[in-house]
Amino acid sequence: MPRGGAGSEERPDPLDPDQQDRVRAVLALAGVPPAELQDGVQQVRLRLLERAAKGQDPPRDVSAWSAVVASNLAMDWHRSRSRQERLGERLASLRQDQAGAEDTRVLSLTVAEGLDELADAQRQVVVLRFYADLPVARIADELGIPEGTVKSRLHKAVRVLRTRLHEQEVV
């Protein structure tokens, strides 16, 4: 049975393929397992459609907005899972990717463990700043927090990650 009745037109996908890839990447970097990435993309799409259904204006920058929503979804996912379960899934996915050099695997594992040890708010700003490549001002605007708070969280998170890399003698 076709969607909608007579005269209804099908809406275009609110997320273009590049935005979908970015959402998947943000979720993956934030520790969401590969099997759940598509669900995350669907959740972001649903939130965009809900905004439209409520008559709200579309976000100024859908790409940045979707990265922040994906980051928030990842935080929700982390809250619902035990830390040990997440680490086990990450280790399994790292073992599957045997193509890289041993040094790269050790660095990746150490960074992943370091991201797990960060507070949710710190992990969120690290992923948005260094992967999604959002400027501090945009992160602050999208999260509704002062720029100084974003900078403080980034500084503390980078310090923790740097210390971990040095302790593990990775760098």
Among 66, 80, 108, what's the order by accessible area (1.4 angstrom probe), most exposed first? 80, 108, 66
Roughly what would the spin-label model give for residue 46 and residue 119, points 7 Å off Cα along C-beta, in nm? 2.9
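The values are calculated or read from the model by the stated rules, or taken from the named source; none is laboratory data. Bear in mind that the values here come from a model prediction, so they are computed numbers and not experimental data. Using ideal geometry, Cβ is built from the backbone for each residue, glycine included, and neighbour counts are taken over all protein chains shown. Please note that ligands, DNA and RNA were not included when accessible areas were found on the heavy atoms of the full protein model with its side chains. Shrake-Rupley method; radii C 1.70, N 1.55, O 1.52, S 1.80 Å.
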